[in-house]
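Novice: The following block contains the structure, expressed as structure tokens.
Bear in mind these aren't lab numbers, they're just calculated from the coordinates by the rules spelled out. Predicted model, so just to flag it, every value in this text is computed and none were measured. With ideal geometry, Cβ positions are generated from the backbone for all residues, glycine too; neighbour counts draw on all protein chains shown.
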Amino acid sequence: MSDWARPGSPGAAVSRERVLGRVRAAIGRAQGAERDVAAEYAALPRGYLRAHHDPAEHDIVALFAERAADYRAVVESVTTAALPAAIARVIADRARAGGTGAWFAVPAGLPPGWLSRVADGTPGVRLAGDDPPLSALELDSCAGVVTGCALAIAETGTIVLDHGPGQGRRALTLVPDFHLVVVRHDQVAADLPDALAGLDPALPQTLISGPSATSDIELVRVEGVHGPRTLHVLIATADCQG
Amino acid sequence: MRIALFVTCLTDTLYPEAGKSVVRVLDRLGHQVVFPMEQTCCGQLHFNTGYRAQSLPLVRGFAEAFGGFDAIVTPSASCAAMVREYHPQLAEESGDRGLARAVAEITPRVHELSMLLTDVLGVTDVGASFPHRVTYHPSCHSLRMLRIGDAPLRLLRSVRGLDLSELPAADVCCGFGGTFSVKNPGVSAAMCADKCAAVLSTGADVLCAADSSCLMHIGGALARQRAGVTTMHLAEILASTR
Amino acid sequence: MSMPTYLGMPAFPEAAAEALANPQLRRNLAHATGTIRTKRAAAVAELTDWDELRAAAKAIKDHTLANLDHYLLQLEEKVTAAGGQVHWADGAAEANAIVASLTRAAGTDTVVKVKSMATQETGLNEALAAEGITAIETDLAELIVQLGRDRPSHILVPAIHRNRAEIREIFRREMPDAPAGLTDDPAELAAAARSHLRRAFLSATVGVSGANFAIAETGSLVVLESEGNGRMCLTLPETLISVVGIEKLLPSWRDLEVFLALLPRSSTAERMNPYISTWTGVRPGDGPRAFHLVLLDNGRTTALADKIGRQALRCIKCSACLNVCPVYERVGGHAYGSPYPGPIGAILTPQLRGMSSAADQALPYASTLCGACYDVCPVAINIPEALVHLRSLAVDSRRHARFQTDFPAERLALGAVAWTLRGRRRLAFAQRAASASRKLFGASGSAAWTRRLPLLGGWTRTRNLPVPPPESFRAWWARTRQDDASPDSPPEIAPGLPSPGTAPRQTGSGTADE
């Protein structure tokens, strides 16, 4: 490895000091000079809205459904009680499309019961856990993946995965071509500020707004490139809403 | 009101009718127009081309010519923008405190013609009559530096007999850009050709603007094409009577 | 700094002339930029607090830049604490050498890349190739550019200069596994890219990325993308190397609430782009086992030292300024001779590279100063102000220039004009001379000699010159309204004034047929 590439090596230390020195010279700050960066930061103007749709006045869950569908996600709302049957139906449909031997990847920590009806829908459909971890090639051959999420953002139609229990490591929801994700109604944040405040930056986060897409050809949006080409969202509403 | 006219070097030298028209309009509205003979140029040509040092004497000359007036009017949005945006900056940079003070006092009193009429004098009907089909090109500096909005259009709509047709893609630059038209003549000509096509598509007999520089540019191309469309400064139309 | 792949390219005026001569290019650009302009306006109009978001973004970036040493050290500490390694690169060569040696240390000769402006700037792909390492671009547009042995021409959509038919031809010619019967349907073209890159992703051991944001408070990096190629590169390889300009920092995680509202709407005109990945160091059992962050200066500190120019470092590379620029729309990105084209490129490139070459001196002049770029910029970079400032630096640096250009003629001409304008008598004299010569201009200023004028030949090829009027405004005023002259102005002395005689005309445009 060249000297430059080794942190702590003399060459690397020289570059570090040179860049930092030039930064300090450019902004006119002496090293270690007194300044209250935190106070300056706290005083920055933030006159923008905390939410563009006030949850007190809008049906945030409905807004999320509408916005996620705008980006060509398939969106369905079902009651929490009907969720296992809905999951079974979606998987059965997908399994039929995938032909014989279709199998689905499942992360550890999915709520018990979510997959309880899968076998009823499609006898013989296989669910594979990720322990030991499935290889990328294996994931490439599965028919899809079923997960929950960390939260969702109504304003932008976004689903956020923090890859905790029930969501799996990042590759699990990336390599398969089909992603079925369940969003509980109480997981929907109105807008970015509330959503970001609810996430732990130490964890890897993936914000997903619709299936993979590209605008690289004539700036025309086309859905379906490297990530899952189908994103199916089941919104589990409160049971009392019937 | 006693109003000083800053006619601008371009209007003074090449388009005196626009200057005379400003005088006629303000005369008609009962104001006293004075023309400080010491005036020459705001320095925009040099400033925008990078000859900053050569624009400073012109800033000084402007301050000397226009000190002490309550209102200063100019038939150029571009020159008004230069004075209002950059004269204070140049005066500040010069280190001449007296000049900086003088400039700070003068610049807020400099008004582009349509702003003077609508905002300062509160007039939209100046008693003009002009029975022709007219289309209006909002110059970039009027739109995006001075932000005069629809003031010229409100003035034109109040002119008797005037048939105003909307210019397609009106807010797109005509390609003049001062020395840009000389340094990048091909790009400038391509932009101008599109502007000319837009003008012709309106079927107007007259192209109007609040800047002689854009009119010189677009008019030069229309004349070369023998398009049969006349260019007139806003002031000339507002000065017209039956 | 250096941008190796752009050495020796012609300056903007010549490159632009070449681009203008390509009607297909102009059609492609007009179509693509026209499409995105309309969509962006709608996406922005949806947020009633756009101005407040923009003001916050500007303030956050300015604060970060003003305290950049503090935040860089904080970022370094946090990334290191989370299991990453931080490297500092002075310039392009150093950054490239770091990536090459890390790649070799990982035991491979292939890297998969997610589109990154920083590595385009350093010419990483060429540098790796010289070391025997293959860099596979995985963004669709970058792939099109790479397969077509072409250069990117747009920050967001590097292949914007290609239409679907041209892309189909490139795929058929250069992609061995392109399906037979591939049509020019964008969905089919995207599917072809998907299957072409699948194996590369699944077997990659080193991924190379940039980052849209680096959060000092947490050591997190953030990448926005659409296709999922970014997630592939950031997740599947064992080693991830991110080359990030030092201006990409944000103080806090919370600041994303501002920038994630502004960036997607400004760039792809979406409420949110399909994928955003954030990561902090390494996470056992999920994603790369080694993470290297290469912090790149490469001229940024020079820009930072310039009080007006430094605002260019607020740029979040959204491309909105390119999409609204009437100059960019007509010439495309290649004419700017830099990975950063368009209005932002015209102020960023000369600051990063310095103003010693004719090409870099010409860039600040590649604009009419129409201001459309400033209006759409989500971080409120006053591009016209920076352009004018850089023009003055160009004029200063040309005073000491060795190379031959049209600048001596320009300097003489503008010097003469400045001299004339410095006194009203000089101006009045010049005006009388112009009026006296008006007959020479021919009918409506189209006389043949005007097309052979030095400096003005480009103008008169397609436009008539204005014909000087019989008398200037000030001559008219002196003749008719002298009494109204301001008291402190002495009367204009105008010997030899051409006899006026003509009555003021109602329509006074000098170019109208006389």
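Novice: Of the candidates A:GLU76, A:GLU138, A:GLU218, which one comes out as most mobile in a Gaussian network treatment of chain A with C-alpha springs shorter than 10 Å?
Specialist: A:GLU218
Novice: Tell me the mean residue ellipticity at 222 nm calculated for chain C from its helices only (DSSP H runs of n ≥ 4, each -39500 (n - 2.57), averaged over every residue, nearest 500).
Specialist: -14000 deg cm²/dmol
Novice: Order of C:VAL99, A:VAL37 from fewest to most other C-beta atoms within 10 Å?
Specialist: The fewest-first ordering by Cβ neighbours comes to A:VAL37, C:VAL99.
Novice: Give me the Å³ per residue figure for the convex hull around the C-alpha atoms of segment C:217-265.
Specialist: 98 Å³
Novice: Given the protein assembly as shown, what percent of its DSSP beta bridges are antiparallel, to the nearest 5?
Specialist: So the antiparallel bridges amount to about 25 percent of the total.
Novice: Can you give the local net charge around C:ALA57? Use residues other than it whose beta-carbon is closer than 9 angstrom to its beta-carbon, Lys and Arg +1, Asp and Glu -1.
Specialist: Net local charge, C:ALA57 excluded: +3.
Novice: What Kirkwood Rh does segment C:382-476 have if only Cα atoms enter the pairwise 1/r average? Answer in Å.
Specialist: When all Cα pairs of segment C:382-476 are included, the Kirkwood radius is 16.0 Å.
Novice: Next question. I need the peptides C:319-328, C:14-23 ranked by packing, meaning the mean over residues of other C-beta atoms within 10 angstrom, with the highest value on top.
Specialist: Peptide ranking by packing, descending: C:319-328, C:14-23.
Novice: What GluC sites (Glu not before Pro) does segment C:169-263 have in DSSP loop regions with at most 15 other beta carbons within 10 Å?
Specialist: Counting only loop positions with at most 15 other Cβ atoms within 10 Å, the GluC sites (Glu not before Pro) in segment C:169-263 are C:GLU238.
Novice: Same structure, new question: Only Cα pairs under 8 Å and at least 6 apart count here; give the relative contact order of chain B as a rounded whole percent. Walk me through the intermediate numbers first.
Specialist: Working: 428 pairs, mean separation 51.1, N = 242.
With pairs under 8 Å counted, the relative contact order is 21 percent.
Novice: Which of A:THR173, B:HIS111, B:GLN44 sits farthest toward the positive end of the charge dipole of the protein assembly as shown, with +1 on the Cβ of Lys and Arg and -1 on the Cβ of Asp and Glu?
Specialist: B:GLN44
Novice: Output the relative contact order of segment C:411-484, whole-number percent, from Cα pairs under 8 angstrom with separation of 6+ residues. Write out the running numbers ahead of the final one.
Specialist: On the way: 46 pairs, mean separation 23.2, N = 74.
About 31 percent, as a whole number.
Novice: Using only the Cα atoms of segment B:133-239, what do you get for the radius of gyration and for Dmax, in Å?
Specialist: 13.0, 42
Novice: What average count of beta carbons from other chains do you get within 10 Å of the Cβ of residues in C:323-333?
Specialist: 4
Novice: Next question, about the same structure. What percentages make up the Cα-Cα pair-distance distribution of chain C when the bins are 20 Å wide from 0?
Specialist: Computed distribution, short to long bins: 20, 47, 23, 10, 1.
Novice: Take every Cα-Cα pair in chain A and report what % of them are more than 34 Å apart.
Specialist: The calculated P(r) of chain A puts 34 percent of pairs beyond 34 Å.
Novice: Same structure again: Return the long-range amide H neighbours of C:MET175 (sequence gap of 5 or more, or a different chain), with a cut-off of under 5 Å between placed amide H atoms.
Specialist: none
Novice: Taking θ as phi - 60°, what are the ³J(HN,Hα) couplings along segment C:393-398 by the Karplus curve (6.51, -1.76, 1.60), each to the nearest whole Hz, with x for Gly and Pro?
Specialist: Using θ = phi - 60°, the values come out as 5, 5, 4, 4, 6, 6 Hz.
Novice: Per residue of A:151-157, count partner chain C-beta atoms within 10 Å of its C-beta, then hand back the mean as an integer.
Specialist: What the average comes to for A:151-157 is 3.
Novice: Rule-of-thumb check for segment B:2-120: C-alpha Rg over 2.2 N^0.38 Å?
Specialist: 1.01
Novice: Hey, another quick one. Show me, for segment B:77-86, the HN-Hα J-couplings you get by feeding each phi into the Karplus relation (A = 6.51, B = -1.76, C = 1.60, θ = phi - 60°), rounded to Hz, glycine and proline as x.
Specialist: 3J(HN,Hα) across segment B:77-86, in whole Hz: 5, 5, 5, 4, 5, 4, 5, 6, 8, 10.
Novice: So if I place +1 on the C-beta of Lys and Arg and -1 on the C-beta of Asp and Glu, and nothing else carries charge, what would the dipole magnitude of chain C be about its Cα centre? I want it in debye, nearest 20.
Specialist: Values: 56 positive and 52 negative charges, 378 e Å.
Taking the Cα centre of chain C as origin, the dipole is about 1820 debye.
Novice: What order, most packed first, do the peptides B:52-61, A:203-212, B:193-202 have when packing is the mean number of other Cβ atoms within 10 Å of each residue?
Specialist: Highest-to-lowest ranking by the protection proxy: A:203-212, B:52-61, B:193-202.
Novice: Which residue, C:LEU189, C:LEU47, C:ALA478, has the largest displacement toward the positive end of the dipole of chain C when charges sit on each Cβ (Lys, Arg +1; Asp, Glu -1)?
Specialist: So the residue we want is C:ALA478.
Novice: Still on this structure, please answer the following. Take each of the peptides C:344-356, C:442-454, average the number of other beta-carbon atoms within 10 Å over its residues, and list them starting from the highest. Each step should come with its number before you reach the end.
Specialist: Values: C:344-356: 24.8, C:442-454: 14.9.
Per-residue mean Cβ counts within 10 Å order the peptides as C:344-356, C:442-454.
Novice: Non-local amide H neighbours of A:GLY166 (under 5 Å, H modeled in plane, Pro and chain starts lacking H): which ones?
Specialist: A:ALA108, A:GLY109, A:LEU110
Novice: Which listed residue (A:HIS52, A:THR206, A:GLY113) has the Cα farthest towards the positive end of the charge dipole for chain A, taking +1 on Lys and Arg C-beta and -1 on Asp and Glu C-beta about the Cα centre?
Specialist: The residue sitting most towards the positive pole is A:THR206.
Novice: What Cys residues in chain C are without a partner cysteine, judged by a Cβ distance under 4.7 Å?
Specialist: Here C:CYS233, C:CYS315, C:CYS318, C:CYS325, C:CYS377 come out as lacking a disulfide-compatible partner, given the Cβ-Cβ threshold of under 4.7 Å.
Novice: Return the subset of C:LYS58/C:LYS78; B:LYS195/C:LYS113; C:LYS78/C:LYS113; B:LYS195/C:LYS307; B:LYS195/C:LYS39; C:LYS39/C:LYS78 for which the Cα-Cα distance in this structure is over 31 Å, preserving the input order. Mind showing how you got there, number by number?
Specialist: Details: C:LYS58/C:LYS78 25 Å; B:LYS195/C:LYS113 42 Å; C:LYS78/C:LYS113 25 Å; B:LYS195/C:LYS307 36 Å; B:LYS195/C:LYS39 23 Å; C:LYS39/C:LYS78 38 Å.
Going by Cα-Cα distance, B:LYS195/C:LYS113; B:LYS195/C:LYS307; C:LYS39/C:LYS78 fall outside the 31 Å limit.
Novice: So how far, in whole Å, is the C-alpha centre of segment C:33-91 from the one of segment C:456-476?
Specialist: After rounding, the separation between the Cα centres reads 48 Å.
Novice: Report the percentage of all Cα-Cα pairs in the protein assembly as shown whose separation exceeds 50 Å, rounded to a whole percent.
Specialist: When all Cα pairs of the protein assembly as shown are counted, 29 percent exceed 50 Å.
Novice: Evaluate the charge dipole of the protein assembly as shown about its Cα centre and quote only its size in Debye, nearest 20, assuming +1 on the Cβ of each Lys and Arg and -1 on the Cβ of each Asp and Glu.
Specialist: Dipole magnitude for the protein assembly as shown comes out near 2980 debye.
Novice: Explain nothing, just compute: Karplus ³J(HN,Hα) = 6.51 cos²θ - 1.76 cosθ + 1.60, θ = phi - 60°, for every residue of segment C:78-84 in order, whole Hz, x for Gly and Pro.
Specialist: Working through the residues one at a time gives 6, 5, 5, 4, 8, x, x Hz.
Novice: Would you tell me the mean number of C-beta atoms belonging to other protein chains that fall within 10 Å of each C-beta in C:275-287, as a whole number?
Specialist: Numbers: counts 12, 7, 6, 10, 7, 6, 2, 1, 6, 0, 5, 9, 5.
Averaged over the peptide's residues, the number is 6.
Novice: Return the ratio Rg/(2.2 N^0.38 Å) for chain B, where Rg is computed over Cα atoms only.
Specialist: Details: Rg = 17.5 Å, N = 242, 2.2 N^0.38 = 17.7 Å.
Output field value: 0.99.
Novice: Which net charge results when you count Lys and Arg as +1 and Asp and Glu as -1 among the other residues whose beta-carbon is under 11 Å from that of A:ALA95?
Specialist: After counting each charged neighbour, the total is +3.
Novice: Between A:THR158 and residues 5 or more places away or on another chain, which pairs have amide H atoms under 5 Å apart, with H built 1.01 Å from N, and which residues are they?
Specialist: Those lying under 5 Å, H to H, from A:THR158 are A:ILE153.
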